[in-house]
Each structure stands twice: as structure tokens, then as C-alpha cells.
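The values are calculated or read from the model by the stated rules, or taken from the named source; none is laboratory data. All values reported here derive from a predicted model rather than from experimental measurement. Cβ: placed from backbone, ideal geometry, glycine included. Neighbour counts: every protein chain shown.
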């Protein structure tokens with residue numbers, strides 16, 4: 001009988017405890033549901049925001065280039081100014097919107113021969129999205145801008161960053177340019193290393209053939225072994 005009474009007491013206590021905690025359990029469940037709904041709403045809003053941003057960049061690009069073949073220089077400059085103004089807020093966004101906005105800004109600035117701003121925009125594009133399929137292209141173009149600014153140090157850094165991606169479409173050109181700039185500053189060992197890497201990567205490419213001729217010239221001049 002004592003066992004029976006004890007079991008009833010335990011059962012009664014458990015039921016009372018559950019009754020007392022029911023409100024808490026329901027409250028926690030409600031919080032979880034609200035959190036799930038909030039995440040879903042955020043994801044939807046974020047997706048729509050990204051889509052809207054991409055559409056804005058596409059529209060700006062279209063208005064910049066549409067029927068521009070016969071435009072005067074002043075008309076082109078006017079279009080570019082408007083595009084840069086509209087792209088400015090989009091360039092501050094993270095992700096693909098910021099990436100595309102900054103890449104378009106870089107193209108405009110480069111066409112204006114404003115290489116400093118163009119380089120800054122290419123590098124900002126990299127930061128906006130992080131490592132992705134456009135990263136090597138952005139570094140390559142930043143290197144080209146650096147060369148136009150007579151900044152060999154950064155040209156070398158960005159050509160190297162681009163050429164580290166062996167899947168990059170312009171990797172051969174990036175490696176040759178990396179070697180060439182090193183030659184220009186008389187860093188012949190680094191030039192040789194870049195030419196050798198190019199020859200090892202794609203030995204039959206036209207850039208590799210040029211690399212072979214440069215290696216011969218460097219050896220003949222006694223600059224490398």
C-alpha cells in the first residue's frame with residue numbers, strides 16, 4: 001500500500017509540475033515559432049533586396065551603354081556622371097550587388113583614365129563579395145591600373161594574386177605580366193620564377209612561348225643562371 005501511495009504521490013507531483021510549467025513550455029514554443037517566421041521573412045526580404053539591387057545595376061548599365069555608339073564626348077561624360085551618382089549607394093552594399101556596382105564603377109573610371117579610383121573600385125568589388133569567380137579578374141585589373149600609375153609594387157602584388165588562381169582565364173597573361181614587371185625593376189629571380197611557372201602550367205601557349213624567349217634573353221645577358 002505504501003508503494004502505491006508513493007507512486008500516486010510522485011505521479012501527482014509530476015502532473016502538478018507539468019501544469020505549472022505548461023505556460024513556460026508554450027511560451028518557449030511561441031518564441032521558437034516567432035524566430036522561425038522572422039528568419040523566413042528576413043530571408044525573403046533579403047532575397048528581394050538583392051534582386052532589386054541587381055535590377056538597379058543592370059538598368060544603370062543599360063542606360064549607360066544603350067545606343068551610345070554615336071554619342072558625343074560630352075553626352076558620354078554626362079551618362080557616366082549620372083551612372084556614377086546612381087551607383088554610389090549600391091557600391092556600399094555587401095554581396096553581389098556591391099560587387100557588380102563596384103565593377104561597373106571601375107570600368108567607367110578606367111575609361112576616364114582615372115586609374116587610382118578604378119583600382120580602388122576593383123579592390124572594393126573583391127571586398128564586397130569575398131572570394132568568388134570574379135576575384136582574379138578584379139585583381140588582374142587592379143594590377144593593370146597600378147601599372148598605369150607607375151606603381152610596380154602593387155602591380156606585382158595584384159598580378160601575383162590573379163595568377164595564383166590557375167583556373168583564371170587570363171592566368172597566362174597575368175604570369176607573363178608578373179614576370180615583366182619584375183624584370184622592369186630588375187628583380188630577375190622573381191621574373192624567372194614567374195616565367196618558369198607559366199611554362200610549367202601551359203607550355204604550349206603563346207604567352208609561354210614569349211616567356212621562353214625572355215628566359216633566353218635573361219640568361220644571355222647574365223641576369224639569371
Residue within the range 183-197 that is in a helix (DSSP H, G or I) and within 20 Å of the chain's Cα centre (by Cα) present: no
Some residue of the range 178-198 being touching a helix residue (DSSP H, G or I) at 6+ places or on another chain (Cβ under 7 Å), buried (at least 17 other Cβ atoms within 10 Å of the Cβ) and farther than 27 Å from residue 222 by Cβ: no
Unmet criterion (only one of (1) over 17 Å from the mean Cα position of the chain (by Cα); (2) closer than 28 Å to residue 209 by Cβ) for residue 151: (2)
Cross-chain or 6+ apart pairs with Cβ under 6 Å, the range 173-187 first and over 15 Å from residue 140 (Cα atoms), then in a helix (DSSP H, G or I): 182/190; 182/191; 183/191; 185/152
Filter result (closer than 17 Å to residue 204 by Cα and at pLDDT 95 or above) within the range 157-169: none
Selection status of residue 204, without any contact (Cβ under 8 Å) to a residue 40 or more places away in the chain and part of a helix (DSSP H, G or I): no
